[in-house]
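Please treat every number below as a calculation from the coordinates, not as lab data. Please read all numbers here as calculations on a predicted model, not as lab measurements. Reconstructed Cβ throughout: ideal geometry from the backbone, glycine too, with neighbour counts over all protein chains shown.
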Amino acid sequence: MIHKIYIPGDAAAVSLGADRVAAAVVQEAVKRGIQIELVRNGSRGLFWLEPLVEVAVTKGRMAYGPVQAKDVAGLFDADFLNGGNHSLALGLIEELPYLKAQQRLTFARVGITDPVSLDDYLAHEGYRGLKNALAMSGADIVKQVTDSGLRGRGGAAFPTGIKWNTVLNTPSEQKYIICNADEGDSGTYSDRMVMEGDPFVLIEGMTIAGIAVGATQGYIYLRVEYPHAHKALNAAISKAYEAGYLGDNILGSGKKFDLEVRLGAGAYICGEETSLMESLEGKRGLVRFKPPLPAISGLFGKPTIVNNVISLASVPIILDKGGNYYRDYGMGRSRGTLPLQLAGNIKHPGLVEIAFGMTLRELLYDFGGGSASGHPIKAVQVGGPLGAFLPESQFDTPLDYEAFAAIWAVLGHGGVIAFDDTVDMAEMARYSMEFCKIESCGKCTPCRIGSTRGVEVISDIIEGRDLAKNVPLLRDLCNTLLNGSLCALGGMTPYPVLSALNHFPQDFGIAGQADAA
Amino acid sequence: MNNAKNPFDCSNFLARETNMTESGASHAEVQDIIAKLKDLPGALLPILHGIQDKLGYIPAATIPDIAKALNLSRAEVHGVISFYHYFRETPPGKTTVHICRAESCQAMGGKQLEAHVKNRLGIDYHETTADGAFSLEPVYCLGLCAASPSMQIGEQLYGRVSADLFDCVIKPEEASA
């Protein structure tokens, strides 16, 4: 009998030693003369348990973790290949509450399949959406996406179907599909997990988008910091070409779609769609004025869909099961599921894909288990480096685009970073400004100059210089950035800065002064 | 935070590949990269990546060739190189250390790690040690936020990094420098 063992090849699992564990397992099996089949799957997203080793047994997949190379001999001694008991044994993976309580639609296969095996993808409902799409008109495909209520998961939450419809109805001899895989938002890693753990789902989503709007060329603009994703995508793309899922005649339909991965070069701003297109054209990543919309005049001046990885990876299940199936999850105008990413000072960091509507508190405590340090959670930054900091009093806000907008916060790309009570929020505010300064493309003045002045003013405040003048000055500066910037980098840096100032004035030395007065 | 009670176990973190940049690649190799990629739509970034992958940086001497092949001015090529943080115009140290400075890592002691690394290597960000062994660069998120704080040494990623772990993995590099 050949034993099947799963050890994630996911970059985060590898950063915690998964490659060394895999090598030790192979070595030990050879030494003991045991036949094994090793699969480097994606991560299940339970990162405090990584490296997480799974073994296929008759009743399911038994999990062991976190495993280090030095534990491997002991696992063999404990007969883990047949689900034997060991101090690292976690039971059946599917029964772990963290996983069982989720609704994995976009992440349905991540951690389960061999990411670069087309056969495995097909055996787990892969390419069913594309097959349906090939039998439909472009307008019908777009209608399914519109009906699903899917909104851009990159952060802006613009209705995906409306964007697709604009490209569909803009005549052109050449159109493009761009996947924005420049996942630069700190605290986020869901794009990375999909690209490493289930690259075919992204390829399928982009192919469907191409067929829907009549685009024959796709680009995945991937950040250079993701070499593991680069490898997985290229391997999957070449298999898709070999099997006729990409190329001049997709599955004999006569339809054409080509796909290529292009690497970014460490510029955060290139996650902004117009800057991304400039970069793809081989230029400095300067933000463009809008209009014209990319959907009308985008890459090389042609109609272009620019969607985030998660948006595109959600398309196959929508085309497979119908727009209504997806829309039935969620609340209000936030339909479907959102893959949330728990990070920072949290006991159980990981990926939680669940329908919109759960509260932030449930996410932090029921899933996250509270802080890693055991201290109280003082603040949570939701939605990346341009997202607001939320104090404990706002933890009961439901995870929903509109509910977050109502408290002057954003869900963004679903990143959630927890900070315990040792954090100094004035320092965090200064860091946000500094980040804007480092990453500004320089095209508009409020962002280019304002961020530099912002760092100086916050430094003055931190050092206690003339607060009566400098605090209103900071607010005024934020107002200029908010209203006068060309894109979201300058336009949203005030979110973390002002939310820190408003919710944690004592960290800026203000409440103390008020008390004294 | 890690192993508060037990002494740090280095053995888990040794054995890894180093990031050797190939030296001595010839003018012909650069020409070859340019010739192979210049007809792609938006070819400049792929060419710059190709050269940096090969040489570890983009020598100023290559700029006229790139400009000519793409029908751009040298200033335009230089402007693109200088816009992107990843591209460098000077040779890196033998090993590049990237420390994540982003919020999630800060929430887990990233700043202390950063101070330790700077102190241990004796350099600040964007600098290279005098012996050419190490370059130190900040990175704004490696996407390993669930294993914070994180770093990259050469090609290898490390999560839940402590000062002890850094010292363990840097030792063999120091010895070979």
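With both labels modelled 7 Å from their Cα along Cα-to-Cβ, the B:LYS111 to A:VAL57 distance reads 4.7 nm.
Taking Cβ atoms as reference points and 13 Å as the exclusive limit, the residues near A:LEU81 contribute a net charge of -2, counting Lys and Arg as +1 and Asp and Glu as -1. Note on B:GLU29/A:LEU467: beta-carbon distance plugged into 1/(1 + (r/R0)^6) with R0 of 60 Å gives a FRET efficiency of 0.55. What percentage of all Cα-Cα pairs in the range A:265-387 are separated by more than 18 Å? The calculated P(r) of the range A:265-387 puts 67 percent of pairs beyond 18 Å. Shown here are the Rg and Dmax of the Cα trace of the range A:152-307, at 14.7, 42 Å. For the range A:403-416, 3J(HN,Hα) computed residue by residue from phi via the Karplus equation (6.51, -1.76, 1.60; θ = phi - 60°) reads 5, 6, 4, 5, 9, 6, 9, 9, 7, x, 8, x, x, 10 Hz, glycine and proline entered as x. Taking amide H as placed 1.01 Å from N in the peptide plane, A:ILE354 has its amide H under 5 Å from the amide H of A:GLN103, A:LEU338, A:LEU340, each at least 5 places away in sequence or on another chain. Shown is the FRET efficiency for A:SER137 and A:GLN103, computed with R0 = 35 Å from the Cβ-Cβ distance and rounded to the nearest 0.05: 0.70.
Distances between every pair of Cα atoms in the range A:425-516, grouped in 5 Å steps from 0 to the bin holding the largest one, split as 3, 16, 29, 26, 14, 8, 3, 1, 0 percent. For A:LYS347, the lysines whose Cα comes closer than 25 Å to its Cα, not counting residues fewer than 8 places off in the same chain, are A:LYS70, A:LYS100, A:LYS378, B:LYS5, B:LYS111.
Which semi-axis lengths, in whole Å and largest first, follow from the square roots of five times the eigenvalues of the Cα gyration tensor of the protein assembly as shown?
Details: eigenvalues 227, 213, 173 Å².
Here the semi-axes work out to 34, 33, 29 Å.
Beyond 16 Å, what share of the Cα-Cα pairs of the range A:54-104 remains, rounded to the nearest whole percent? Cα-Cα pairs in the range A:54-104 separated by more than 16 Å: 39 percent. If R0 is 30 Å, the Cβ-Cβ spacing of A:ALA235 and A:HIS3 corresponds to a FRET efficiency of close to 0.75. Taking every Cα-Cα distance in the range A:329-420 and sorting them into 10 Å bins from zero, the calculated P(r) comes out as 19, 57, 23, 1 percent.
Straight-line cross-link reach from A:LYS31 at under 19 Å between alpha-carbon atoms covers these aspartates and glutamates, not counting any fewer than eight positions away in the same chain: A:ASP19, A:ASP71, A:ASP77, A:ASP79.
Other residues with beta-carbon under 13 Å from the beta-carbon of B:ALA115 carry, at +1 per Lys or Arg and -1 per Asp or Glu, a net charge of +2.
Determine the dipole magnitude for the protein assembly as shown: charges of +1 sit on the beta-carbon of Lys and Arg, -1 on that of Asp and Glu, nothing else is charged, the reference point is the Cα centre, and the result goes in debye to the nearest 20.
For this selection, approximately 1180 debye.
The mean number of partner chain beta-carbon atoms within 10 angstrom of a residue's beta-carbon across peptide A:188-198 is 2.
Spin-label model, A:ASN483 to A:THR422: label points 7 Å out along the Cα-to-beta-carbon direction sit 4.1 nm apart.
Listed values for the range A:350-363 are Karplus-derived 3J(HN,Hα) couplings in whole Hz (6.51 cos²θ - 1.76 cosθ + 1.60, θ = phi - 60°), namely x, 8, 10, 9, 8, 4, 4, x, 5, 7, 4, 4, 4, 4, and x replaces Gly and Pro. In this structure, the amide hydrogen of B:LEU136, modeled 1.01 Å from its nitrogen in the peptide plane, lies closer than 5 angstrom to those of B:VAL97, B:HIS126, B:GLU127, counting only residues at least 5 positions away or on a different chain.
Need the full-extension length gain, A:LYS70 to A:ALA156, defined as separation in residues times 0.36 nm minus the C-alpha distance. One decimal, nm. List each step's numbers first, then the result.
On the way: separation 86, 0.36 × 86 = 30.96 nm, distance 4.53 nm.
Stretched out fully, the A:LYS70 to A:ALA156 stretch lengthens by 26.4 nm.
Between the range A:238-299 and the range A:317-367, how many Å separate their Cα centres? Going from one Cα centre to the other spans 27 Å. Across the range B:92-176, counting alpha-carbon atoms alone, Rg and Dmax equal 11.7, 35 Å.
Taking a Cβ cut-off of under 15 Å around A:GLY285, the surrounding Lys, Arg, Asp and Glu residues balance to a net charge of 0, with basic ones at +1 and acidic ones at -1. Extending 7 Å from the Cα toward the beta-carbon at both A:ALA243 and A:ALA406 defines two label points whose distance is 4.5 nm.
Could you pull out the pairs from A:LYS443/B:LYS94; A:LYS143/A:LYS239; A:LYS283/B:LYS38 whose alpha carbons sit more than 25 Å apart here? Display every interim value, and only then the final one.
Numbers: A:LYS443/B:LYS94 35 Å; A:LYS143/A:LYS239 30 Å; A:LYS283/B:LYS38 14 Å.
Table pairs above 25 Å Cα-Cα are A:LYS443/B:LYS94; A:LYS143/A:LYS239.
For A:GLU183, the residues whose amide H sits under 5 Å from its own are A:ARG223, ignoring neighbours fewer than 5 places away on the same chain, with H placed 1.01 Å from N.
Computed from backbone phi with θ = phi - 60° and the Karplus coefficients 6.51, -1.76 and 1.60, the 3J(HN,Hα) list for the range B:39-53 is 8, 5, x, x, 7, 4, 5, x, 5, 4, 4, x, 5, 5, 4 Hz; x is used for glycine and proline.
Debye sum, Cα scatterers, the range A:3-100, no solvent: what log₁₀ I/I(0) at q = 0.15, 0.20, 0.21 1/Å? Log10 of I(q)/I(0), two decimals: -0.50, -0.92, -1.03.
Over all directions, the average projected area of the alpha-carbon convex hull for the range B:27-83 comes to how many nm²?
For the Cα atoms of the range B:27-83, the hull's average projected area reads 3.4 nm².
Treating cross-link reach as a plain straight distance, find the aspartates and glutamates whose alpha-carbon is under 14 Å from the alpha-carbon of A:LYS290, omitting any fewer than eight places away in the same chain. List returned: A:GLU272, A:GLU273, A:GLU278.
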